[in-house]
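The values are calculated or read from the model by the stated rules, or taken from the named source; none is laboratory data. Just so you know, these numbers come straight off a predicted model, no measurement behind them. No Cβ is skipped: glycine too gets one built from the backbone with ideal geometry, and neighbour counts run over all protein chains shown. For accessibility, only protein heavy atoms count, side chains too; no ligands or nucleic acids. Shrake-Rupley method; radii C 1.70, N 1.55, O 1.52, S 1.80 Å.
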Amino acid sequence: MAATTLPTTTPRYTQAQLAAMAERRRHRIIGILMVLLGFAGFALFAVNADPAAVSTFGLNTGRTAAFRLGDLVVPTQATVIVLSSLCLFIGGYQFIRGFGKSTNAIFGLIILFFIASFLVWATGDKSINLAAMINSTLLRAVPLTLGALSGVMSERAGVVNIAIEGMMLSGALVATIAGSVTGSLWVGVAAAVLTGVLLSLFHGVLSIRYKVDQIISGTVINIFSVGITSFISAKFLSEFPQLNNPGTFRSEPIPVLSAIPLIGPILFDNNFFTYAMFVLLIVIHIALFYTRWGLRTRAVGEHPKAADTLGINVFRTRYTAVLLSGALAGFAGAYFTLGSVGRFDEGMTAGRGFIALAAMIFGNWTPFGAFGAALIFGFADSLQSRLAILNVPIPSQFLLMAPYIATMIALAGLIGRTTPPAADGKPYEKQ
């Protein structure tokens, strides 16, 4: 019986060619979006702007008297037209030729132009303190960045930590009580960090030792934290208000640097938590990507079996990362009370732990990427409150949706593919 030979087919495109085609398609889609943003600027802002109106932007936060700048005053309609035209021109170039590896940066610049057009239109014949808004953006990004760093630390080792919200809430409560009882803000910070560590230890034992689903374990901690903090707040803090009065860290301006016009008061006139955030950003980035410990941690998160074969203790590495993650989450929680309002209120974290997780994903599981994403969320939050003062005829809910839409765009792969650690959320069984 003659053997039949199956026809063989040669793939039409290689994987590299398919990837290149997908990248070109993505660049063209981004070009179209840029052009649409330009048209939207014309249709929504330029057409409706008064040709004689001017927009005024304050460039001083009001906290530093030295080196004050004058207000920035620009013609409203002309400025919007220029910014929208730039969006159209750059978008057209992106669609036809493309900016190559600079595409994402250029797209970010276009979004900035669109937001600037919106701000100029909204402040027509009015004024807004731009420096104060940027400063508010930074402050609102502090707990989000710290929470995102907590997520980065844990998930780089392969353990999903959605309990950041609960750890932050518990840390905020314990920081208040400890700070009020002892009269020391530093003791309050230490107590908040310890609270986060204890909760993360519970999460680590469930997810690493007993291999419980990490989402379930994190959810349990979140529910527990909401319940216990609400109970203690209603039962004790309302009856003994002296337990809910720890005070706050004051702003500590750095000499000379804080006197730099515009950026000085924004970056160098803050309290302990803001400075700590910058330090932690640098330390964690270096530790994760430029040290032997970081290499081992990332190896455990990517391929724990291979790491185990090379002699790395997977369980100990994961426990260490999870405990550090809890410490960061507890520290972030202390910000809400000791670094912001000076008292505890029920549910005061208001879902920022989950937003921090979104910032971590948006930032592609890197410290500085997460910081950039946290700034976007912080800016949307700050913008929403400022525009309420300007009486802009746009529902504030639409502005609050902006960062979440941006996150969905990132997750859809338009900005660039976000890639979690390969073993993220997968329990490890030693062979």
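Annotations for the structure displayed:
- So GLY108, is it over 23 Å from ALA131 (Cα atoms) and either not basic (Lys, Arg) or not in a helix (DSSP H, G or I) (or both): no
- The stretch 304-323, residues that are touching a residue at least 12 places away in the same chain (Cβ under 8 Å) and either surrounded by fewer than 17 Cβ atoms within 10 Å (Cβ to Cβ) or more than 23 Å from ILE162 (Cβ to Cβ) (or both): LYS305, ASP308, ILE312, PHE315
- Checking each residue in the stretch 124-136 for being part of a helix (DSSP H, G or I) and open to solvent by 10 Å² or more (accessible area, probe 1.4 Å) picks out LEU130, ALA132, ILE134, ASN135, SER136.
- Positions within the stretch 137-158 being surrounded by fewer than 24 Cβ atoms within 10 Å (Cβ to Cβ) and among the polar types (S, T, N, Q), in sequence order: THR137
- Some residue of the stretch 196-209 being of a type in the set (D, E, K, R), more than 21 Å from GLY353 (Cβ to Cβ) and open to solvent by 20 Å² or more (accessible area, probe 1.4 Å): yes
- Unique residue being touching a Pro at 6+ places or on another chain (Cβ under 7 Å), assigned to a helix (DSSP H, G or I), among the small types (Gly, Ala, Ser) and crowded, with 19+ Cβ neighbours inside 10 Å when the list is GLY301, GLY264, GLY326: GLY301
- Residue in the stretch 283-292 that is farthest from the chain's Cα centre (by Cα), counting only those that are under 23 Å from LEU146 (Cβ atoms) and loosely packed, with under 12 Cβ neighbours inside 10 Å: THR291
- Filter result for the condition that a residue is within 24 Å of THR137 (Cα to Cα) and among the acidic types (Asp, Glu), over ASP269, ASP213: ASP269
Each row is one residue, and each column tells you yes or no for (1) farther than 20 Å from THR274 by Cβ; (2) at pLDDT 90 or above.
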{"site": "ALA332", "(1), (2)": "no, yes"}
{"site": "PHE336", "(1), (2)": "no, yes"}
{"site": "ASP345", "(1), (2)": "yes, yes"}
{"site": "PHE368", "(1), (2)": "no, yes"}
{"site": "ILE409", "(1), (2)": "yes, no"}
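- Filtered residue count, the stretch 80-99, keeping only those that are of a type in the set (S, T, N, Q) and open to solvent by less than 30 Å² (accessible area, probe 1.4 Å): 2
- Residue in the stretch 133-141 that is more than 23 Å from the chain's Cα centre (by Cα) and among the aliphatic types (A, V, I, L, M) present: no
- Among the residues examined, LEU280 qualifies as open to solvent by 20 Å² or more (accessible area, probe 1.4 Å), part of a helix (DSSP H, G or I) and within 16 Å of ALA148 (Cα to Cα).
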